[in-house]
Every structure is written in C-alpha cells, then in structure tokens.
Amino acid sequence: MKRTVLGVVSAVFALSASAAVVHAQNPMTFGIAAGASFPTGDFGDGANTGFHGMVTLGAMPAMVPFGVRIDGMYNSFGIDDNPIEQFTGASGEILGLTVNGVFGMPGMVVTSPYLIGGVGYYGTRLKTDQGDSDRVSDFGLNIGIGAKFNLSGFGTFAEIRYHNIFDKDDQTGAGNTSFIPLTFGIMF
C-alpha cells in the first residue's frame, strides 16, 4: 500500500513538474522591438544611421530547436544632401515583412543564442520637402544572430541581422539596398 501511494505521489509530482516546464516554454510568442539601423553598401554611401521599430510573431515548439518567426518592421534613414541641394531634409523609409527560420541552441535555460534568416518583401520610399516618391517594392533576404534572455513571465532578446533588398536599378546602375539593424526587444 505504501509503495502504491508513493508511486502515485511521485507520478503526480513528475507530471506537475513537466507541465510547468511545458507552460514556461509556450511555443507561441509575440514581441515588440526597436533599435538602430546602419545602411551598408551603395545605400550606405548616401544614407545616415537611422532607427527602426518591429513587431514579431513566432512559433517554436518545446523540445525542438527549430521555429518560425514573422517580423513586420519600419526603418527610417536620413539621406545626405547632394551638392545641388535637390533633396534637403530628405529621408529614406523601408517597410518590411519577413518570414524567418530560427535555430535555437537547445539546453540553455536563462540565455538562449539563436540563428535567424529568411525571405522578405520590402517597400522603399524617399521622402523630401518637395514630396514623397512612389513606394518601390522588392524581395530580399536576411540573416543574423541573436540571444533570448528568459525572465519571469516574459523574455527579452537582442539580435543583429543583415538585410539585402534586390532592387538594383539597371538604368542608373545603383546597387541593392542593404542595411544592418541592431535590435532590442521584449517577447510575451
């Protein structure tokens, strides 16, 4: 009788502990983030460091190192004035929607590094004192690294990614638009 009671109590305790771990590792996450955006390549020759905001929705099943994350982002960059001052007070704007694969390092409890990369659809526009240009939409790729920090009830993350938008203009020879956002955020 004592063995049966001890076995039942042990089983209930084990199930409770595993349920708490599964609950703590909710596979669906929602997050908000912001940070600095650094223009690179040809885009970096005429643009200044800017800022960005991002919302994210992710799914990473418990006990599996792979997941999926969808990010919506807004980036703003200052544009250098050209010698004839045609674009005084100009800024560049990039909206993006990306679908990414996430590979997390299993076994980490408090800090979890991860790799992230995927495809995106980006809309770029130049805003000037004389008016805004039409938004140009193109596909692109992104890749980066990050780390999640699990706290009580929510988590934080920091990541850096490289985005390359395939918008080469064959008439002017301008290259693809690329930038590197450094992001800090909160996940719920």
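Nothing in this text is a laboratory measurement; each read-out follows from the coordinates by a stated rule. Here the structure is a predicted model, which means the values were calculated and not measured. Every residue, glycine among them, receives a Cβ derived from its backbone with ideal geometry; neighbour counts consider all protein chains shown.
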Study note, to complete from the structure: Residues ILE94, ILE79 in order from fewest to most other beta-carbon atoms within 10 Å are ILE79, ILE94
Practice item. List, in order, the whole-Hz ³J(HN,Hα) value for each residue of region 98-105 obtained from phi through the Karplus relation with A = 6.51, B = -1.76, C = 1.60 and θ = phi - 60°; use x for Gly and Pro. Key: 10, 10, 10, x, 10, 10, x, 7
Revision key, fill the gap. The residues VAL99, VAL110, sorted from fewest to most surrounding Cβ atoms within 10 Å, come out as VAL110, VAL99
**Study point:** In Hz, Karplus ³J(HN,Hα) per residue of region 183-188 (6.51, -1.76, 1.60; θ = phi - 60°; x = Gly, Pro)
**Key:** 10, 10, x, 10, 10, 10
Practice item. Can you tell me how much longer the chain between ILE145 and THR128 gets when fully stretched, taken as 0.36 nm per residue apart minus their C-alpha distance, in nm with one decimal? Key: 2.7 nm
Point to revise | Size of charge dipole - region 26-187 - debye, nearest 20, with Cβ of Lys, Arg +1 and Asp, Glu -1, no other charges | key: 920
Point to revise | Karplus 3J(HN,Hα) series, Hz, for region 116-123 with 6.51 cos²θ - 1.76 cosθ + 1.60 (x for Gly, Pro) | key: 9, x, x, 10, x, 10, 10, x
